[in-house]
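The structure appears below as structure tokens.
Just so you know, all these numbers are worked out from the coordinates, no wet-lab data involved. Treat the numbers as computed from the prediction; the structure is a model and nothing was measured. Here the Cβ positions follow ideal geometry from the backbone for every residue, glycine too, while neighbour counts run over all protein chains shown.
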Amino acid sequence: MMSLCPHTTLIPLVSLRQRISLPEKNMSYLRRRCASASMSVSVPNLVKSSPTENSGISFPILINGCTGKMGRAVADAAVCAGLQLIPVTFSNVEKPSKDLHVGNVEIKIHGPSERENVLSSILNEFPNLVVVDYTAPDAVNGNTELYCKLGVPFVMGTTGGERELLYKTAQDANVYAVISPQMGKQVVAFLAAMKIMAEQFPGAFSGYSLQVMESHQAGKLDTSGTAKAVISCFQKLGVSFDMNKIKMIRDPTKQIEMVGVPEEHLEGHAFHMYHLTSPDQSVSFEFQHNVCGRSIYAEGTIDAAIFLSKKVQSKADKRIYDMIDVLREGNMR
């Protein structure tokens, strides 16, 4: 079982069945109130607590993107997992307004021109460093080039950017990396099942029409990478679908009234719905996965970082791993 941080507060789960309207069909949607966690520790210098019983490992980790809500959630999760949080992060502006505090520790924020020198110095001091990236879509490729240049193992949690270039850069550099459009372990398991179905039953949904809706916080500018990955499975199953027809919901009013997102989770949620209809309209299938808060991604990201650190320490093959590789390892917290 997962070991909860001592400061974690769980909110009871509540479910409410609702209906939403999308083009051509009214589709059922499940509104779920999810657990959220509030974590804090008080440790000087490097943020460090005792390694969890399940992880059995501690190593230095740098979260690039601590200024964002997702990056901060991962920093808190790293502390709860007993990892050594390096008190440094990077910004896309040269003169950040102020530094960040995690517990009693001040996280120094450096501008773009300082990234390489600072990261290189940290890597020299902590050669077993793992970097986690939760920055912005337009920073993905530049950050990847830097990590590959320095040879630092990294977990890319940021979506967007030029994905083909991202993979090519990491592959050409022959580095350790975990790259995945989805870090939530249970959602990844669902995606893995979709891939298996697509591989074993190609064309099973030939002729079916598909409607896709995804709702995320307004600050998420790009289309859900998870939605694209699920759609690619449906395409292999014989469904014709244009990625440009994904219905993106970013308006808070619509998210509450149409999608059923709890108001307290407007700033952090991921609701997905995929609706399939047979050519004669007599058969329909609906798949959905709804996430409130960020804890599922933060915990999955830490598992990915632990996985990657173990690969480095065991001198496994340098290559690009994904969250399905992490799932297959079978030792997640």
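Annotations
- In range of the label at GLN171: residues from the stretch 304-333 whose backbone nitrogen is under 11 Å from the point 7 Å along Cα→Cβ: 320
- Filtered trypsin sites (Lys or Arg not before Pro), the stretch 67-111: DSSP coil and at most 10 other beta carbons within 10 Å: LYS98
- Across the stretch 87-245, the relative contact order, built from alpha-carbon pairs under 8 Å that are at least six residues apart, equals 16 percent.
- The loop-placed GluC sites (Glu not before Pro) in the stretch 245-283, going by DSSP, that have at most 16 neighbouring Cβ atoms within 10 Å of their Cβ come out as GLU267.
- Exposure proxy ranking, count of Cβ atoms within 10 Å, fewest first, for CYS80, CYS148: CYS148, CYS80
- Long pairs among LYS69/LYS108; LYS195/LYS245; LYS108/LYS220; LYS220/LYS247, criterion Cα-Cα beyond 19 Å: LYS195/LYS245; LYS108/LYS220
- Built amide H within the under 5 Å cut-off of VAL178, gap 5+: PHE154, VAL155, MET156, TYR321
- Orientation-averaged projection of the stretch 216-319 equals 9.3 nm² [convex hull of Cα atoms, one quarter of hull surface area].
- For LYS247, distant residues with modelled amide H under 5 Å away: VAL212, MET213, GLU214
- Cα extents of the stretch 81-171 along the three principal axes, largest first (Å): 40, 29, 26
- Annotation for SER121 and GLU106: the two label points, set 7 Å from Cα along the Cα-Cβ direction, are 1.5 nm apart.
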